[in-house]
1. Starting from one equal scatterer on each C-alpha and no solvent at all, send me the Debye-based log10 I(q)/I(0) for region 44-123 at q = 0.11, 0.12, 0.27 Å⁻¹, two decimals.
2. Kirkwood hydrodynamic radius, computed over distinct alpha-carbon pairs, for region 46-93: how many Å, to one decimal?
3. Under the classification rounded if a/c is under 1.5, otherwise prolate if a/b is larger than b/c and oblate if not, where does region 149-257 fall, given a ≥ b ≥ c as square roots of the Cα gyration tensor eigenvalues?
4. Over the chain, with a Gaussian network built from C-alpha contacts below 10 Å, which listed residue (A103, A251, A95) shows the highest mean-square fluctuation?
5. Per residue of the chain, what 222 nm ellipticity follows from adding -39500 (n - 2.57) for every DSSP H run with n ≥ 4, rounded to the nearest 500?
6. In a shell of Cβ-Cβ distance under 10 Å around P69, excluding P69 itself, what net charge do Lys and Arg (+1) and Asp and Glu (-1) give?
7. How large is the accessible surface per residue of the chain, computed with a 1.4 Å probe and reported in Å² as a whole number?
8. What translational diffusion coefficient, to the nearest whole µm²/s, does the chain have by Stokes-Einstein, given a Kirkwood radius computed over alpha-carbon pairs, a temperature of 10 °C and 1.306 mPa s viscosity?
Amino acid sequence: MHGIDEHLPTTLPATGSAVGGLSREQRLRRRAEDVLRDLGFDQVVGWSFTDPGEAGRLRIPAEDPRATPVMLANPLSEEQSAMRTALLGSLLDVAARNAARGASDLALFESARVYLQDSATGRKPISETGNRPVEPLAGWFAGDQPAPFAEPHRFAGITVGALSQRSWRGGDEAADFFTLKGVLEALGRQLGVELEFAPAEEPFLHPGRSAAIAIGGAPAGWLGEVHPLVCRTWDLDSAVAFELDAAPLIAAATLGEESYEDVTTFPAAYQDLAVVVPAATPAGEVREAVLAGGGELLHVAEVFDLFEGDQVGAERKSLALNLEFRASDRTLTDEEVAGLREAIKAKLAEIGGSLRE
């Protein structure tokens, strides 16, 4: 390199009092990884390279953007000539390899990037000040030119067999949809994020046993039992998996921004509520209606039971909720709680629900 010894200083540049450290985004990403490990998952590092046929094995249709991977100009081999568009394929590879060697219970997760052809999602527009926002987890990198492809960071996990260890009280039941839903809810609580779940389908998931994940109403991932045909392709009996975009999860995290309120000496009023709604109504929608009707005095509304049968009618279901009413300056009277119950009843009627007597 001509001139390298003439134009570079012989000493390192002075940094003064500046010290290195992690950004809030980096700390929260590591916290999310720690939480998944604490919940019983082992972290794996899969290949970013895959073969062009992986989308077909995952039953992804041709019109889906995930079916058109970014191709390498100089691949090591045909089996590693494309960049992965989802983390599920590499997780299935690792699970199948371990299952073939006698590992019956697996819980694996990966924290890594996927690569998509749609470069429009790789960069936010320039602001009025002429600056481009930088958010590496979403693939919005620093620099004057946008990235040629989208490279969002994601968390993904898969379970095969039981998630908890076997004991004399049981615990060796195979993980299912609700097991991983609980894992994701625990992850959200640790970061201060409320995840929303709604029935949805993905080509590689079992119909009727899958859901879309949203954060603040915006799509953020998927969850479900892996389709039997996909499991058969990887020589697995069954599996449950999820994939979650890191950018919206970290952006919505309130960890470290908690606010505190005085502990009140006035007792709370607790009630259980049985609500009958159409069978297709999500439990989350019922809970939102109850909270809206209860107003500021309703602090907690948690669904704890589901009933379906002739007693509630065809195509309908009954959800039981535990309610906690509390005021910071007084003890609520029975009349006040009764009025809130009527307001809740009115809100439930707006979504086709009623109280079960």
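The values are calculated or read from the model by the stated rules, or taken from the named source; none is laboratory data. The model shown is predicted, which means the values in this text are computed figures rather than measured ones. Please note: Cβ atoms are built from the backbone with ideal geometry, for glycine as well, and neighbour counts cover all protein chains shown. These accessible areas exclude ligands, DNA and RNA; they are computed on the full protein's heavy atoms, side chains included. Shrake-Rupley method; radii C 1.70, N 1.55, O 1.52, S 1.80 Å.
1. -0.32, -0.38, -1.32
2. 10.7
3. oblate
4. Sorting by GNM fluctuation, first place goes to A103.
5. -7500 deg cm²/dmol
6. Computed value for this residue: 0.
7. 57
8. For these conditions, the coefficient is 67 µm²/s.
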